Amino acid sequence: MNLQGKNAIITGGGRGLGKAVALILASEGVNVGITGRNEENLKMTVEEIKKHGVNASYAVFSIDNEIHVKAGIESLAEQLGGIDILINNAGIGDFGSIEEMSSEVWEQVIKTNLFGVYYAAKAVYPFLKQKGEGDIINVASTAGLKGGPNMSAYAASKAAVVSLSQSMMAEWRKQNIRVVTLTPSTIASDMSIEGGLTDGNPDKVLQPEDFAEWVRDILKMNRRALIANGSIFSTNP
Ligand SMILES: NC(=O)c1ccc[n+]([C@@H]2O[C@H](COP(=O)([O-])OP(=O)(O)OC[C@H]3O[C@@H](n4cnc5c(N)ncnc54)[C@H](OP(=O)(O)O)[C@@H]3O)[C@@H](O)[C@H]2O)c1
């Protein structure tokens, strides 16, 4: 499918995986709205996106606040002239043992990673429903398929995203909305490098561009085809 002229919103689009997806979609002619908390990153990324000759804008809000998410998404929809694609990507990774991690941090991980996905999808859904088609890509993690030590909050949040995304898929498929659940393994980014999961070595570890190419290819599939879920790993970690 040709993506030219479509409008995409990418949460957490100012850096990391979200930024790579924003740039690759722009190179396909997609108009892009990005969101996040850091306005400087968002501004700089919008300038990079515009070099591809597409419309680009940003909205600053925290993904854990439903009212702000709805207002931000609606303002981007107005600026872009509608929404065709949501990449539900914003998330945080806080790692530590159950004993040592504070309940406040634990709750914040769930609020950001799970509620954020829910709020953004809920805000975008009316636009896709009205159009009679659309795509939502929910970024979970392999951590959501199997918990492990020092990742209880992150793994629980991502397991819940997997389940929420499956429910979205079942409910919205009938409206010609493709909901895709992605469970990537470690990819070099601030989150994975600061979290000590990888040194980011490009000869060994997935890079944000690999993730972005995968997302682009999923979106380009003929509309009769829905990739319901998928994982991506480094070949030789
Ligand atoms: N990297 C990996 O190894 C890996 C593997 C599997 C899944 N994932 C998932 O992929 C997604 C992107 O991760 P990444 O590796 O690109 O991480 P990252 O480099 O740390 O970027 C996180 C992004 O999320 C945004 N964000 C975080 N908290 C937010 C909040 N409260 N409100 C609004 N935006 C918020 C950040 O924007 P601001 O800084 O502007 O707030 C940033 O753009 C996450 O959902 C992550 O769990 C990553």
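The values are calculated or read from the model by the stated rules, or taken from the named source; none is laboratory data. Fair warning: this is a prediction, and the values are worked out from it, not measured in the lab. Here the Cβ is made from the backbone with ideal geometry for all residues, glycine too, and neighbour counts use every protein chain on show.
Checking Pro149 against (1) under 25 Å from Phe115 (Cα atoms); (2) modelled with pLDDT under 95, which single condition isn't satisfied?
Pro149 satisfies all of (1) under 25 Å from Phe115 (Cα atoms); (2) modelled with pLDDT under 95 except (2).
Within the range 128-140, how many residues turn out to be in a loop (DSSP other than H, G, I, E, B) and not small (Gly, Ala, Ser)?
First, pick out the residues of the range 128-140 that are in a loop (DSSP other than H, G, I, E, B): 132-133, 140.
Cutting the leftovers down to not small (Gly, Ala, Ser) gives us 133.
Within the range 128-140, residues that are in a loop (DSSP other than H, G, I, E, B) and not small (Gly, Ala, Ser) number 1.
Suppose we filter Ile67, Ile98, Ile63 for residues that are part of a loop (DSSP other than H, G, I, E, B), free of Cβ contacts under 8 Å to residues at least 60 places away in the same chain, loosely packed, with under 15 Cβ neighbours inside 10 Å and not acidic (Asp, Glu); which single one remains? Show your work before the answer.
Values: Ile67 fails: part of a loop (DSSP other than H, G, I, E, B); Ile63 fails: loosely packed, with under 15 Cβ neighbours inside 10 Å.
The unique qualifying residue is Ile98.
More than 15 Å from the chain's Cα centre (by Cα), within 26 Å of Lys70 (Cβ to Cβ) and more than 11 Å from the ligand (Cβ to nearest atom), is that true of Ile177?
On the way: more than 15 Å from the chain's Cα centre (by Cα): yes; within 26 Å of Lys70 (Cβ to Cβ): yes; more than 11 Å from the ligand (Cβ to nearest atom): yes.
Taking the combined requirement at face value, the residue satisfies it.
Ala143 passes all but one of (1) surrounded by 17 or more Cβ atoms within 10 Å (Cβ to Cβ); (2) in contact (Cβ under 8 Å) with a residue 24 or more places away in the chain; (3) assigned to a helix (DSSP H, G or I); (4) not acidic (Asp, Glu); which number fails?
Single failed check for Ala143: (2).
Filter the range 119-140 down to the residues that are touching a residue at least 60 places away in the same chain (Cβ under 8 Å) and either buried (at least 24 other Cβ atoms within 10 Å of the Cβ) or more than 25 Å from Trp106 (Cα to Cα) (or both) and list them by number.
Our first condition is that a residue be touching a residue at least 60 places away in the same chain (Cβ under 8 Å); within the range 119-140, this holds for 120, 124, 133, 135, 137, 139.
Listed by number, the residues that qualify are Ala120, Val124, Glu133, Asp135, Val139.
Take Ala156 and tell me if it is aliphatic (A, V, I, L, M), within 13 Å of the ligand (Cβ to nearest atom) and not in a strand (DSSP E or B). So that I can check it myself, show each step before the final result.
On the way: aliphatic (A, V, I, L, M): yes; within 13 Å of the ligand (Cβ to nearest atom): yes; not in a strand (DSSP E or B): yes.
Against the criterion (aliphatic (A, V, I, L, M), within 13 Å of the ligand (Cβ to nearest atom) and not in a strand (DSSP E or B)), Ala156 qualifies.
Would you mind stating whether Ile193 is surrounded by fewer than 18 Cβ atoms within 10 Å (Cβ to Cβ), within 11 Å of the ligand (Cβ to nearest atom) and free of Cβ contacts under 8 Å to residues at least 60 places away in the same chain? Lay out the reasoning, then the answer.
On the way: surrounded by fewer than 18 Cβ atoms within 10 Å (Cβ to Cβ): yes; within 11 Å of the ligand (Cβ to nearest atom): yes; free of Cβ contacts under 8 Å to residues at least 60 places away in the same chain: yes.
Yes: the conditions hold for Ile193.
With (1) more than 12 Å from the ligand (Cβ to nearest atom); (2) part of a helix (DSSP H, G or I); (3) out of contact with any Ser or Thr (no Cβ under 8 Å at 6 or more places or on another chain) as the list, and Leu76 as the residue in question, which single condition is left unmet?
Here Leu76 meets the rest and fails (3).
Quickly run through the range 18-57 and pick out the residues that are over 15 Å from the mean Cα position of the chain (by Cα) and not in a helix (DSSP H, G or I).
The answer is Glu28, Gly29, Val30, Asn31, Asn38, Lys51, His52, Gly53, Val54, Asn55, Ala56, Ser57.
What single numbered condition from (1) in contact (Cβ under 8 Å) with a residue 24 or more places away in the chain; (2) within 14 Å of the ligand (Cβ to nearest atom) fails to hold for Val46?
(1)
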